[in-house]
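Here the structure is laid out as structure tokens; the discussion comes afterwards.
The values are calculated or read from the model by the stated rules, or taken from the named source; none is laboratory data. Predicted model only: the values in this text are computed from it and were never measured. Note: ideal-geometry Cβ built from the backbone for every residue, glycine included; neighbour counts use all protein chains shown. The area values use the complete protein model at the heavy-atom level, side chains included, leaving out ligands, DNA and RNA. Shrake-Rupley method; radii C 1.70, N 1.55, O 1.52, S 1.80 Å.
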Amino acid sequence: KTSLNLVMGLILGVMLGILVIILIESMNSQIATGDDIEKNFTVPYLGNFPQLTGADRKNPGDYVVNNPMSSYAEALRNLRASLMFADLDSVVKTVALTSSQPDEGKTTLSFGLARMSAMSVTKTLLFDGDFRRKQLSLTSLDEPAKNGFLECLFGECTVSEAVVQDSKSSLHILPLTVDRHTPRDVFGSKVFDELLEQLKQDYDLIIFDTGPIKLMAETRGLARKVDQVVVVSRWLKTNRAALKQTLSILADFGATVTGVAINRVDMNKFYRQGYGHSGYKSYSKYYTTGT
């Protein structure tokens, strides 16, 4: 009975395929959607941040300036709004962006958020707080800084001498100098507390780009001193165990977590593989045409 056997084979094949998909999904521990965050960790999901392509991928900070109506820029505006209204009882002035591990795009997101804030007529200071990699200072400045945060902290220069004006926006950057290092816990010092209070008088919003919280003790000390903390998770790279540990560390240090942002999302792949709804093409057209 060839026809019957073909039908039964097709049914069994479909059932086996569904079983394999369910098994793969159950074994997949990587962060893929906002539901993964809100269901597993009960913290707010702060949106998807698209992976830029081509030349834009190398200069995402410039992309924000050159494409203010893009979906990437809109995601940054939404993040800024989430931060501004995270605490209705007090003004949010200090924000730290951190991650579970390196290479999750935290520095890129910090720079984009800071530029977007400055473009929104908010007097903004972007602070390089990653003493190990100093990625912000190495990539966002036109030339290496002669003075920076540590020189300012140790009384070797003033704040105005250390702050650098962003070349493409009204953003101010407090960098780290390339060759300067210190074994001290600077974020835990009274001198830093005094400096931070001074900066809060001069700026409407201070954004800290920090190191991965699982690797850097300094980030943990800073997290308890700022008003809000944003955790950056890289799409299909950060696993749930790492994110759980990160959120646990932040809770232990009394940090106020705004939520988790999913970064470097391949939006075409995101919807093609069924992570999102079918209206993506309409949204894509909306951002492309500006209508």
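Looking at 95, 121, which is the one that is buried (at least 23 other Cβ atoms within 10 Å of the Cβ), of a type in the set (A, V, I, L, M) and either on the phi > 0 side of the Ramachandran plot or not in a helix (DSSP H, G or I) (or both)?
95
So, of the residues in the stretch 213-225 that are assigned to a loop (DSSP other than H, G, I, E, B) and open to solvent by 10 Å² or more (accessible area, probe 1.4 Å), which turns out to be nearest to residue 254 (Cα to Cα)?
224
Would you check which residues across the stretch 165-196 are farther than 15 Å from residue 148 by Cβ and among the polar types (S, T, N, Q) and list them?
Those that are farther than 15 Å from residue 148 by Cβ and among the polar types (S, T, N, Q): 167, 169, 170, 189.
Taking the condition of being open to solvent by less than 20 Å² (accessible area, probe 1.4 Å) and polar (S, T, N, Q), how many residues in the stretch 124-141 meet it?
Going through the stretch 124-141 one residue at a time, the tally reaches 3.
Is at least one residue of the stretch 229-237 open to solvent by 10 Å² or more (accessible area, probe 1.4 Å), in a helix (DSSP H, G or I) and touching a residue at least 60 places away in the same chain (Cβ under 8 Å)?
So far as the stretch 229-237 goes, no, none of its residues is open to solvent by 10 Å² or more (accessible area, probe 1.4 Å), in a helix (DSSP H, G or I) and touching a residue at least 60 places away in the same chain (Cβ under 8 Å).
For the stretch 67-92, what are the residues that are more than 19 Å from residue 121 (Cβ to Cβ) and in a helix (DSSP H, G or I)?
Answer for the stretch 67-92, where residues must be more than 19 Å from residue 121 (Cβ to Cβ) and in a helix (DSSP H, G or I): 71, 72, 75.
Out of the stretch 135-165, which residues are part of a loop (DSSP other than H, G, I, E, B) and touching a residue at least 60 places away in the same chain (Cβ under 8 Å)?
Selection gives 140 alone.
Can you tell me which residue is farthest from the chain's Cα centre (by Cα) among those in the stretch 98-118 that are charged (D, E, K, R) and open to solvent by 10 Å² or more (accessible area, probe 1.4 Å)?
Of everything passing the filter in the stretch 98-118, 103 is farthest from the chain's Cα centre (by Cα).
Tell me, yes or no, whether the stretch 166-183 has at least one residue that is over 18 Å from residue 102 (Cβ atoms), open to solvent by less than 50 Å² (accessible area, probe 1.4 Å) and without any contact (Cβ under 8 Å) to a residue 40 or more places away in the chain.
no
Looking only at residues in the stretch 184-201 that are of a type in the set (D, E, K, R) and open to solvent by less than 70 Å² (accessible area, probe 1.4 Å), which one is farthest from residue 173 (Cα to Cα)?
Out of the qualifying residues, it is 193.
Is it true that residue 256 is under 20 Å from the mean Cα position of the chain (by Cα), open to solvent by 10 Å² or more (accessible area, probe 1.4 Å) and among the β-branched types (Val, Ile, Thr)?
Answer is yes for this residue.
Show the residue pairs meeting these rules: Cβ distance below 9 Å; 6+ apart or different chains; first residue within the stretch 45-60 and under 17 Å from residue 262 (Cβ atoms); second residue of a type in the set (Phe, Trp, Tyr) and open to solvent by 70 Å² or more (accessible area, probe 1.4 Å).
No pair meets every condition.
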